[in-house]
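The values are calculated or read from the model by the stated rules, or taken from the named source; none is laboratory data. On a predicted model such as this, the values are computed, not experimentally measured, just so you know. Positions of Cβ are backbone-derived with ideal geometry, glycine not excepted, and every protein chain shown enters the neighbour counts.
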Amino acid sequence: MGAKTATDKVARTRLYRDGKLEKEDFPVADVSGYIADDNVIVWVDLCAPDRQDLAVVAEELGLHQLAVDDAVSLRQRPKLDRYATHEFLNMYAVRFNQVTGDVDLSEIAAFVTPRALVTVRKSDSFDIDGVVARWDESPDLIKYGVGSLLYGLIDLVVDGHFEAVQDLDQEIEQAEDLLFDDRSTDLDVQRRSFQLRKSLVILRRVVLPMREVVNTLMRRDLELCPDVLTPYFQDVYDHVLRATEWTESLRDLVASILETNLTIQSNRLNVITKKVTSWAAIIAVPTAITGFYGQNLPYPGFARQSGLLWSCGLIIGLSVGLYVIFKRKNWL
(Lines give C-alpha, C1' and ligand atoms only; values in the text may rest on other atoms or scores of the structure.)
Protein backbone atom coordinates (compact mmCIF):
# COMPACT_ATOMS: atom_id res chain seq x y z
CA MET A 1 0.00 0.00 0.00
CA GLY A 2 1.13 3.55 -0.73
CA ALA A 3 2.47 5.85 1.95
CA LYS A 4 0.61 8.94 3.08
CA THR A 5 1.18 11.98 0.87
CA ALA A 6 0.30 15.69 1.04
CA THR A 7 -2.78 14.94 -1.05
CA ASP A 8 -4.07 12.54 1.60
CA LYS A 9 -4.24 15.42 4.09
CA VAL A 10 -7.04 17.07 2.09
CA ALA A 11 -8.56 13.81 0.86
CA ARG A 12 -11.25 11.54 2.19
CA THR A 13 -11.67 8.09 0.68
CA ARG A 14 -14.09 5.18 0.75
CA LEU A 15 -14.11 1.77 -0.88
CA TYR A 16 -17.23 -0.31 -1.54
CA ARG A 17 -17.02 -3.94 -2.55
CA ASP A 18 -20.16 -5.66 -3.83
CA GLY A 19 -22.21 -2.75 -2.50
CA LYS A 20 -20.78 -2.88 1.04
CA LEU A 21 -18.43 -0.41 2.68
CA GLU A 22 -15.06 -2.09 3.16
CA LYS A 23 -12.44 0.61 3.73
CA GLU A 24 -12.15 4.29 4.55
CA ASP A 25 -9.39 6.91 4.55
CA PHE A 26 -6.88 4.88 2.59
CA PRO A 27 -4.13 6.63 0.53
CA VAL A 28 -5.15 8.14 -2.80
CA ALA A 29 -2.20 6.38 -4.41
CA ASP A 30 -3.98 3.05 -3.81
CA VAL A 31 -7.06 3.99 -5.85
CA SER A 32 -5.83 2.67 -9.19
CA GLY A 33 -5.05 -0.68 -7.65
CA TYR A 34 -8.47 -1.02 -6.04
CA ILE A 35 -10.55 -0.08 -9.08
CA ALA A 36 -8.87 -2.82 -11.12
CA ASP A 37 -11.40 -5.09 -9.40
CA ASP A 38 -14.77 -5.00 -11.19
CA ASN A 39 -16.59 -5.51 -7.88
CA VAL A 40 -15.13 -2.36 -6.32
CA ILE A 41 -16.16 1.29 -6.53
CA VAL A 42 -14.18 4.07 -4.87
CA TRP A 43 -15.05 7.56 -3.67
CA VAL A 44 -12.41 10.24 -3.24
CA ASP A 45 -13.23 13.66 -1.80
CA LEU A 46 -10.85 16.63 -1.98
CA CYS A 47 -11.48 19.86 -0.10
CA ALA A 48 -9.94 23.01 -1.62
CA PRO A 49 -7.13 21.14 -3.37
CA ASP A 50 -4.39 22.77 -5.41
CA ARG A 51 -3.11 21.56 -8.78
CA GLN A 52 -0.52 19.34 -7.16
CA ASP A 53 -3.16 17.57 -5.08
CA LEU A 54 -5.32 16.98 -8.13
CA ALA A 55 -2.34 15.84 -10.16
CA VAL A 56 -2.06 12.77 -7.95
CA VAL A 57 -5.71 11.86 -8.50
CA ALA A 58 -5.48 12.66 -12.21
CA GLU A 59 -2.56 10.29 -12.57
CA GLU A 60 -4.36 7.53 -10.69
CA LEU A 61 -7.55 7.80 -12.75
CA GLY A 62 -6.30 9.21 -16.04
CA LEU A 63 -8.26 12.47 -15.81
CA HIS A 64 -8.17 14.96 -18.67
CA GLN A 65 -6.09 18.08 -18.10
CA LEU A 66 -8.90 20.43 -19.15
CA ALA A 67 -11.23 18.87 -16.58
CA VAL A 68 -8.53 19.18 -13.91
CA ASP A 69 -8.11 22.87 -14.77
CA ASP A 70 -11.88 23.41 -14.43
CA ALA A 71 -11.90 21.60 -11.09
CA VAL A 72 -9.42 24.03 -9.52
CA SER A 73 -10.89 27.14 -11.19
CA LEU A 74 -13.60 29.08 -9.40
CA ARG A 75 -16.96 30.21 -10.71
CA GLN A 76 -17.39 27.64 -13.42
CA ARG A 77 -20.90 27.38 -14.80
CA PRO A 78 -22.99 24.30 -13.91
CA LYS A 79 -22.25 21.78 -16.65
CA LEU A 80 -21.53 18.19 -17.61
CA ASP A 81 -18.55 17.63 -19.93
CA ARG A 82 -17.76 14.30 -21.54
CA TYR A 83 -14.23 12.97 -21.98
CA ALA A 84 -12.91 9.68 -23.31
CA THR A 85 -12.46 8.00 -19.92
CA HIS A 86 -14.74 10.00 -17.63
CA GLU A 87 -17.33 12.74 -17.23
CA PHE A 88 -16.76 16.05 -15.49
CA LEU A 89 -19.62 17.62 -13.52
CA ASN A 90 -19.70 21.09 -12.01
CA MET A 91 -22.59 22.41 -9.89
CA TYR A 92 -23.42 24.60 -6.91
CA ALA A 93 -24.94 23.87 -3.53
CA VAL A 94 -27.15 26.72 -2.35
CA ARG A 95 -28.13 28.06 1.05
CA PHE A 96 -30.37 31.09 1.61
CA ASN A 97 -29.29 33.44 4.39
CA GLN A 98 -32.51 34.75 5.94
CA VAL A 99 -30.69 37.44 7.93
CA THR A 100 -28.97 39.17 5.01
CA GLY A 101 -31.22 37.95 2.21
CA ASP A 102 -28.16 36.69 0.28
CA VAL A 103 -27.71 33.36 -1.45
CA ASP A 104 -24.57 31.53 -0.31
CA LEU A 105 -23.02 29.29 -2.98
CA SER A 106 -20.71 26.31 -2.57
CA GLU A 107 -19.08 25.15 -5.80
CA ILE A 108 -18.62 21.41 -6.27
CA ALA A 109 -16.88 19.55 -9.08
CA ALA A 110 -16.99 15.80 -9.69
CA PHE A 111 -15.10 13.36 -11.88
CA VAL A 112 -17.21 10.34 -12.75
CA THR A 113 -15.44 7.20 -13.97
CA PRO A 114 -16.82 3.66 -14.33
CA ARG A 115 -15.31 2.63 -10.98
CA ALA A 116 -14.69 5.87 -9.09
CA LEU A 117 -16.34 9.12 -8.09
CA VAL A 118 -14.05 12.04 -7.20
CA THR A 119 -15.68 15.09 -5.60
CA VAL A 120 -13.80 18.37 -5.42
CA ARG A 121 -15.13 20.98 -3.02
CA LYS A 122 -13.87 24.48 -3.69
CA SER A 123 -14.45 25.31 0.02
CA ASP A 124 -15.49 23.51 3.21
CA SER A 125 -18.92 25.17 3.27
CA PHE A 126 -20.55 22.24 1.48
CA ASP A 127 -21.96 19.56 3.80
CA ILE A 128 -20.19 16.48 2.45
CA ASP A 129 -21.18 14.58 5.60
CA GLY A 130 -24.77 14.95 4.48
CA VAL A 131 -23.91 13.18 1.24
CA VAL A 132 -22.19 10.34 3.10
CA ALA A 133 -25.22 10.04 5.39
CA ARG A 134 -27.48 9.61 2.36
CA TRP A 135 -25.27 6.85 1.02
CA ASP A 136 -25.35 5.12 4.39
CA GLU A 137 -29.14 5.44 4.57
CA SER A 138 -29.52 3.60 1.23
CA PRO A 139 -26.88 0.85 1.25
CA ASP A 140 -28.99 -1.27 -1.09
CA LEU A 141 -28.35 1.23 -3.92
CA ILE A 142 -24.56 1.17 -3.67
CA LYS A 143 -24.40 -2.20 -5.41
CA TYR A 144 -25.55 -0.53 -8.62
CA GLY A 145 -22.23 1.24 -9.04
CA VAL A 146 -20.92 4.78 -9.22
CA GLY A 147 -24.31 6.01 -10.45
CA SER A 148 -25.74 5.43 -6.97
CA LEU A 149 -23.02 7.60 -5.40
CA LEU A 150 -23.63 10.28 -8.01
CA TYR A 151 -27.36 10.14 -7.32
CA GLY A 152 -26.86 10.75 -3.59
CA LEU A 153 -24.62 13.74 -4.32
CA ILE A 154 -26.92 15.38 -6.87
CA ASP A 155 -30.03 14.65 -4.82
CA LEU A 156 -28.61 16.54 -1.83
CA VAL A 157 -27.59 19.49 -4.02
CA VAL A 158 -30.97 19.71 -5.75
CA ASP A 159 -32.81 19.42 -2.43
CA GLY A 160 -30.77 22.42 -1.29
CA HIS A 161 -31.92 24.33 -4.37
CA PHE A 162 -35.52 23.50 -3.57
CA GLU A 163 -35.16 24.58 0.07
CA ALA A 164 -33.55 27.86 -0.99
CA VAL A 165 -36.42 28.58 -3.38
CA GLN A 166 -38.90 27.78 -0.64
CA ASP A 167 -37.14 30.13 1.80
CA LEU A 168 -37.13 32.87 -0.83
CA ASP A 169 -40.84 32.36 -1.37
CA GLN A 170 -41.46 32.97 2.34
CA GLU A 171 -39.28 36.10 2.29
CA ILE A 172 -41.19 37.44 -0.70
CA GLU A 173 -44.48 36.89 1.14
CA GLN A 174 -43.11 38.97 4.00
CA ALA A 175 -42.06 41.65 1.51
CA GLU A 176 -45.64 41.69 0.22
CA ASP A 177 -46.88 42.32 3.76
CA LEU A 178 -44.51 45.29 4.03
CA LEU A 179 -46.32 46.97 1.13
CA PHE A 180 -49.39 47.59 3.27
CA ASP A 181 -47.68 47.96 6.63
CA ASP A 182 -47.95 51.55 7.86
CA ARG A 183 -44.90 51.05 10.06
CA SER A 184 -42.61 50.27 7.12
CA THR A 185 -41.18 52.89 4.79
CA ASP A 186 -40.92 52.83 1.02
CA LEU A 187 -37.16 52.58 1.39
CA ASP A 188 -37.52 49.37 3.41
CA VAL A 189 -39.71 47.81 0.74
CA GLN A 190 -37.40 48.86 -2.08
CA ARG A 191 -34.26 47.67 -0.32
CA ARG A 192 -35.77 44.28 0.53
CA SER A 193 -37.26 43.83 -2.95
CA PHE A 194 -34.00 44.60 -4.72
CA GLN A 195 -32.10 42.26 -2.39
CA LEU A 196 -34.55 39.44 -3.09
CA ARG A 197 -34.38 40.14 -6.80
CA LYS A 198 -30.59 39.94 -6.71
CA SER A 199 -30.75 36.64 -4.82
CA LEU A 200 -33.21 35.23 -7.34
CA VAL A 201 -30.92 36.15 -10.23
CA ILE A 202 -28.02 34.32 -8.57
CA LEU A 203 -30.21 31.33 -7.73
CA ARG A 204 -31.54 31.15 -11.28
CA ARG A 205 -28.00 30.99 -12.69
CA VAL A 206 -27.24 27.82 -10.76
CA VAL A 207 -30.67 26.15 -10.80
CA LEU A 208 -31.65 26.53 -14.45
CA PRO A 209 -28.60 24.71 -15.97
CA MET A 210 -29.17 21.72 -13.68
CA ARG A 211 -32.15 20.75 -15.81
CA GLU A 212 -29.86 19.99 -18.74
CA VAL A 213 -27.23 18.39 -16.51
CA VAL A 214 -29.59 15.86 -14.91
CA ASN A 215 -31.32 15.18 -18.20
CA THR A 216 -27.96 14.36 -19.81
CA LEU A 217 -26.98 12.07 -16.94
CA MET A 218 -30.02 9.90 -17.67
CA ARG A 219 -28.96 9.26 -21.25
CA ARG A 220 -28.35 5.59 -21.90
CA ASP A 221 -25.19 6.11 -23.92
CA LEU A 222 -23.40 7.49 -20.83
CA GLU A 223 -24.14 4.28 -18.91
CA LEU A 224 -24.13 6.26 -15.65
CA CYS A 225 -27.75 5.58 -14.85
CA PRO A 226 -28.72 1.89 -14.99
CA ASP A 227 -32.39 1.09 -15.43
CA VAL A 228 -32.86 0.39 -11.73
CA LEU A 229 -31.65 3.93 -10.88
CA THR A 230 -33.73 5.67 -13.55
CA PRO A 231 -36.70 6.34 -11.22
CA TYR A 232 -34.33 7.96 -8.69
CA PHE A 233 -32.74 10.25 -11.25
CA GLN A 234 -36.19 10.98 -12.67
CA ASP A 235 -37.28 12.10 -9.20
CA VAL A 236 -34.27 14.42 -9.02
CA TYR A 237 -35.11 15.75 -12.47
CA ASP A 238 -38.67 16.45 -11.33
CA HIS A 239 -37.32 18.44 -8.36
CA VAL A 240 -35.06 20.39 -10.70
CA LEU A 241 -38.03 21.28 -12.93
CA ARG A 242 -40.11 22.36 -9.95
CA ALA A 243 -37.30 24.50 -8.56
CA THR A 244 -36.75 26.09 -11.99
CA GLU A 245 -40.42 26.89 -12.51
CA TRP A 246 -40.75 28.17 -8.95
CA THR A 247 -37.73 30.44 -9.44
CA GLU A 248 -39.23 31.91 -12.61
CA SER A 249 -42.56 32.59 -10.91
CA LEU A 250 -40.83 34.22 -7.92
CA ARG A 251 -38.88 36.51 -10.23
CA ASP A 252 -42.18 37.71 -11.74
CA LEU A 253 -43.59 38.12 -8.24
CA VAL A 254 -40.69 40.31 -7.10
CA ALA A 255 -41.13 42.47 -10.21
CA SER A 256 -44.82 42.73 -9.33
CA ILE A 257 -43.93 43.86 -5.79
CA LEU A 258 -41.75 46.66 -7.15
CA GLU A 259 -44.47 47.77 -9.55
CA THR A 260 -47.09 47.63 -6.80
CA ASN A 261 -44.88 49.68 -4.51
CA LEU A 262 -44.55 52.37 -7.19
CA THR A 263 -48.33 52.36 -7.68
CA ILE A 264 -48.91 52.71 -3.93
CA GLN A 265 -46.45 55.59 -3.79
CA SER A 266 -48.26 57.29 -6.67
CA ASN A 267 -51.62 56.85 -4.95
CA ARG A 268 -50.24 58.21 -1.69
CA LEU A 269 -48.86 61.21 -3.55
CA ASN A 270 -52.28 61.87 -5.10
CA VAL A 271 -53.92 61.72 -1.68
CA ILE A 272 -51.34 64.09 -0.21
CA THR A 273 -51.76 66.46 -3.14
CA LYS A 274 -55.54 66.55 -2.64
CA LYS A 275 -55.13 67.23 1.08
CA VAL A 276 -52.60 70.00 0.55
CA THR A 277 -54.77 71.57 -2.16
CA SER A 278 -57.86 71.41 0.06
CA TRP A 279 -56.13 73.08 2.98
CA ALA A 280 -54.68 75.68 0.64
CA ALA A 281 -58.19 76.47 -0.63
CA ILE A 282 -59.47 76.82 2.95
CA ILE A 283 -56.57 79.08 3.91
CA ALA A 284 -57.13 81.17 0.79
CA VAL A 285 -60.59 82.24 2.03
CA PRO A 286 -59.49 84.25 5.12
CA THR A 287 -56.51 85.55 3.16
CA ALA A 288 -58.78 86.92 0.42
CA ILE A 289 -61.32 88.42 2.82
CA THR A 290 -58.77 90.05 5.15
CA GLY A 291 -56.97 91.33 2.13
CA PHE A 292 -60.18 92.90 0.80
CA TYR A 293 -61.10 94.48 4.11
CA GLY A 294 -57.55 95.62 4.60
CA GLN A 295 -57.77 97.98 1.61
CA ASN A 296 -57.31 101.65 2.49
CA LEU A 297 -60.56 102.55 0.63
CA PRO A 298 -64.16 103.20 1.72
CA TYR A 299 -66.43 100.12 1.46
CA PRO A 300 -69.65 98.94 3.18
CA GLY A 301 -68.88 98.60 6.87
CA PHE A 302 -65.65 100.62 6.57
CA ALA A 303 -64.34 101.62 10.04
CA ARG A 304 -67.44 100.14 11.66
CA GLN A 305 -68.08 97.22 13.96
CA SER A 306 -70.46 95.68 11.41
CA GLY A 307 -67.61 95.40 8.92
CA LEU A 308 -65.60 93.36 11.43
CA LEU A 309 -68.55 91.09 12.09
CA TRP A 310 -69.23 90.62 8.38
CA SER A 311 -65.58 89.75 7.64
CA CYS A 312 -65.36 87.31 10.54
CA GLY A 313 -68.65 85.71 9.52
CA LEU A 314 -67.54 85.29 5.94
CA ILE A 315 -64.22 83.78 7.00
CA ILE A 316 -65.80 81.27 9.37
CA GLY A 317 -68.73 80.41 7.12
CA LEU A 318 -66.76 79.89 3.92
CA SER A 319 -63.94 78.00 5.69
CA VAL A 320 -66.38 75.64 7.42
CA GLY A 321 -68.30 75.19 4.19
CA LEU A 322 -65.17 74.24 2.26
CA TYR A 323 -64.05 71.91 5.04
CA VAL A 324 -67.39 70.08 4.97
CA ILE A 325 -67.34 69.77 1.18
CA PHE A 326 -63.76 68.44 1.07
CA LYS A 327 -64.45 66.08 3.96
CA ARG A 328 -67.40 64.55 2.13
CA LYS A 329 -65.19 63.99 -0.91
CA ASN A 330 -62.51 62.35 1.29
CA TRP A 331 -60.02 65.03 0.36
CA LEU A 332 -59.27 65.67 4.03
Here is a list: Ala164, Ala175. Which entry is of a type outside the set (S, T, N, Q) and more than 28 Å from Pro231 (Cα to Cα)? Ala175
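Could you say which residue among Gly147, Gly160, Gly152 is in a helix (DSSP H, G or I), closer than 25 Å to Asn215 by Cβ and touching a Pro at 6+ places or on another chain (Cβ under 7 Å)?
Numbers: Gly160 fails: touching a Pro at 6+ places or on another chain (Cβ under 7 Å); Gly152 fails: touching a Pro at 6+ places or on another chain (Cβ under 7 Å).
Gly147 is the lone residue from the list that is in a helix (DSSP H, G or I), closer than 25 Å to Asn215 by Cβ and touching a Pro at 6+ places or on another chain (Cβ under 7 Å).
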Just the residues that are of a type in the set (Gly, Ala, Ser) and in contact (Cβ under 8 Å) with a residue 12 or more places away in the chain, please, taken from region 264-293. Ser278, Ala281
Which condition breaks for Asn267 when tested against (1) within 30 Å of Tyr144 (Cβ to Cβ); (2) loosely packed, with under 14 Cβ neighbours inside 10 Å; (3) of a type outside the set (Ser, Thr, Tyr)? (1)
Anything in region 68-112 that is farther than 16 Å from Asp45 by Cα and among the small types (Gly, Ala, Ser)? List them, or say none. Ser73, Ala84, Gly101
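Taking region 322-332 only, how many residues are part of a helix (DSSP H, G or I) and over 14 Å from Ala288 (Cβ atoms)?
In the first step, residues of region 322-332 are kept if they are part of a helix (DSSP H, G or I); the result is 322-328.
The next check asks that each one be over 14 Å from Ala288 (Cβ atoms); those that pass are 323-328.
Number satisfying all stated conditions: 6.
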It is to be established whether one or more residues within region 142-152 are assigned by TED's automatic domain parsing to the domain that holds Leu89, touching a Phe, Trp or Tyr at 6+ places or on another chain (Cβ under 9 Å) and under 30 Å from Arg268 (Cβ atoms). no
Among the residues of region 249-260, which ones are touching a residue at least 12 places away in the same chain (Cβ under 8 Å) and exposed (fewer than 14 other Cβ atoms within 10 Å of the Cβ)? Ala255
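Yes/no matrix, rows are residues, columns are (1) of a type in the set (A, V, I, L, M, F, W, C); (2) more than 28 Å from Val206 (Cβ to Cβ); (3) touching a Leu at 6+ places or on another chain (Cβ under 8 Å); (4) in contact (Cβ under 8 Å) with a residue 40 or more places away in the chain:
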site	(1), (2), (3), (4)
Val28	yes, yes, no, no
Gln65	no, no, no, no
Ala71	yes, no, yes, yes
Pro78	no, no, no, yes
Met91	yes, no, no, yes
Phe96	yes, no, yes, yes
Any residue that is closer than 18 Å to Asp129 by Cα, assigned by TED's automatic domain parsing to the domain that holds Ser125, of a type in the set (Phe, Trp, Tyr) and in contact with a Ser or Thr (Cβ under 8 Å, 6 or more places away or on another chain) - is there at least one of those in region 11-24? no
Any chance you could count how many residues in region 222-266 are modelled with pLDDT under 90, among the aliphatic types (A, V, I, L, M) and within 22 Å of the chain's Cα centre (by Cα)? 6
